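Participant: Below are the structure tokens for one structure; questions will follow.
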Amino acid sequence: MPRLSIIIGSTRPGRAGLPIADWFSDRARQHGGFEIDVVDLAELDLPMLDEPNHPRLRQYTQKHTKDWSARVAGSDAFVIVTPEYNHGYSAALKNAIDYLHHEWHYKPVGFVSYGGVAAGTRAMQQLKQVVTALRMLPLTDAVNIPFHTQFLDDDGRIQANEVMEQAADVMLDELLRVEATLRPLRESVEQPA
């Protein structure tokens with residue numbers, strides 16, 4: 001079964017990304033097509049990029065980088081749960097992406113974005129440029145949540161509507177198809193040691 005890593009792209013205290021990721025990961029488990037790994041960047045706690053060598057070389061010197069490398073390399077597909085801050089995505093998310101290079105190659109990525117009127121879509125569009133540079137394949141299908149606070153209940157959990165649930169299912173189906181299509185390409189590319 002392919003592994004799907006769901007990356008929570010916000011580290012801010014009180015962030016909505018955590019309950020949104022909880023809702024989406026539950027939906028992904030119900031989907032049944034993936035083994036699920038939730039990556040909370042707040043828990044991962046990567047310092048600002050502190051490797052002396054370019055990630056393409058895979059000459060990592062820090063244990064946190066080696067651990068992050070193994071986790072990303074072991075994933076077959078990704079979903080990034082991203083807020084929109086000032087029309088963009090978070091610095092913590094960019095930092096986590098930039099730590100690595102080869103580990104991201106030829107893997108599909110979907111997005112669950114959230115925010116106000118724009119539903120985080122401006123952050124998602126910027127992220128598509130970044131992940132494409134890493135030879136990832138961003139999906140067209142996405143879950144975009146406008147005015148996300150309306151979906152938080154009194155306990156801080158997401159109460160998704162039918163549109164969100166359908167969008168999640170469509171994206172998960174597409175991730176499964178694209179992951180299977182890209183798998184032979186990943187397997188044929190020699191990865192540096």
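The values are calculated or read from the model by the stated rules, or taken from the named source; none is laboratory data. If you're wondering where the values come from, they're calculated on a predicted model, not measured in any experiment. Virtual Cβ from ideal backbone geometry, glycine too; neighbours counted across all protein chains shown. Accessible surface is based on the protein model in full, side chains and every heavy atom, while ligands, DNA and RNA are left aside. Shrake-Rupley method; radii C 1.70, N 1.55, O 1.52, S 1.80 Å.
Participant: Run the quick spin-label model on Asp141 and Asp153: label points 7 Å from Cα toward the beta carbon, then report their separation in nm to one decimal.
Facilitator: 2.7
Participant: A further question follows. Per-residue accessible area for Thr82 at 1.4 Å probe radius, Å² rounded to 10?
Facilitator: Spelled out: Thr82, probe radius 1.4 Å, area about 0 Å².
Participant: A follow-up question, please. Need one value: the accessible area of Tyr60 in square angstrom, 1.4 angstrom probe, rounded to the nearest 10.
Facilitator: 30
Participant: Given the rule -39500 (n - 2.57) for each run of at least 4 DSSP H residues, summed and divided by the residues of the chain, what is its mean residue ellipticity at 222 nm, to the nearest 500 deg cm²/dmol?
Facilitator: Value at 222 nm, helices only, nearest 500: -13000 deg cm²/dmol.
Participant: Another question, then. Taking the full set of protein chains and a 1.4 angstrom probe, give the accessible area of Ile8 in square angstrom, rounded to the nearest 10.
Facilitator: Its accessible surface works out to 0 Å², give or take rounding.
Participant: Return the equivalent ellipsoid semi-axes of region 75-193 as a descending list in whole Å, where each equals the square root of 5 times an eigenvalue of the C-alpha gyration tensor.
Facilitator: The equivalent ellipsoid of region 75-193 has semi-axes of 28, 17, 11 Å.
Participant: Taking θ as phi - 60°, what are the ³J(HN,Hα) couplings along region 48-56 by the Karplus curve (6.51, -1.76, 1.60), each to the nearest whole Hz, with x for Gly and Pro?
Facilitator: Couplings: 4, 2, 10, 9, x, 10, 5, x, 4 Hz.
Participant: Is the shape of region 140-180 best called rounded, prolate or oblate, per the rule: a/c under 1.5 gives rounded, else a/b larger than b/c gives prolate, else oblate, with a ≥ b ≥ c the square roots of the Cα gyration tensor eigenvalues?
Facilitator: Judged from the Cα gyration tensor, region 140-180 comes out prolate (a/c at least 1.5, a/b above b/c).
Participant: Under 17 Å Cα to Cα from Lys107, which aspartates and glutamates show up? Leave out anything in the same chain fewer than 8 places away.
Facilitator: Within reach: Glu35, Asp37, Asp76, Asp98, Asp141, Asp173, Glu174, Glu179, Glu187, Glu190.
Participant: Another question, if that's okay. Does anyone have the angle between helix 121-133 and the longest principal axis of the chain? Alpha-carbon axes, 0 to 90°, nearest 10?
Facilitator: The two axes meet at around 20 degrees.
Participant: Given an 8 Å cut-off on Cα distances and at least 6 residues of separation, report the relative contact order of region 80-119 as a percent.
Facilitator: Rounded, it is 64 percent for region 80-119.
Participant: What length, rounded to one decimal in nm, is gained on full extension from Gln59 through to Asp45, with 0.36 nm per residue of separation minus their alpha-carbon distance?
Facilitator: Between Gln59 and Asp45, full extension yields 3.0 nm more.
Participant: Next question. Working from Cα positions, state the angle (0 to 90°, nearest 10) between the long axis of helix 63-73 and the longest principal axis of the chain.
Facilitator: On a 0 to 90 degree scale, this one is about 70.
Participant: From largest accessible area down, sort Asp173, Asp45; use a 1.4 Å probe on the protein chains.
Facilitator: So the residues, ranked largest to smallest area, are Asp45, Asp173.
Participant: Under a cut-off of 18 Å between alpha-carbon atoms, report the lysines in cross-link reach of Lys66, not counting same-chain residues fewer than 8 places apart.
Facilitator: Correct list for Lys66: Lys94.
Participant: How far, in degrees from 0 to 90, does helix 162-188 lean away from the longest principal axis of the Cα atoms of the chain, to the nearest 10?
Facilitator: With both axes taken from Cα atoms, the answer is about 10 degrees.
Participant: Checking the cross-link filter: which aspartates and glutamates have an alpha carbon closer than 13 Å to that of Lys63, excluding same-chain neighbours under 8 positions apart?
Facilitator: Asp45, Asp50, Glu51
Participant: If you average 1/r across every pair of different Cα atoms in region 1-146 and take the reciprocal, what Kirkwood value do you get, in Å?
Facilitator: 15.3
Participant: Between Leu185 and Ala70, what's the calculated FRET efficiency when r is the beta-carbon distance and R0 is 25 Å? Round to 0.05.
Facilitator: For R0 = 25 Å, the calculated efficiency reads 0.75.
Participant: Along the charge dipole of region 1-157, Cβ charges K/R +1 and D/E -1, which of Leu49, Thr149, Phe24 sits furthest on the positive end?
Facilitator: About the Cα centre, the residue reaching furthest to the positive side is Leu49.
Participant: For region 87-193, state which trypsin sites (Lys or Arg not before Pro) are in a DSSP loop and have at most 15 other beta carbons lying within 10 Å of their beta carbon.
Facilitator: Those satisfying the criteria are Arg157.
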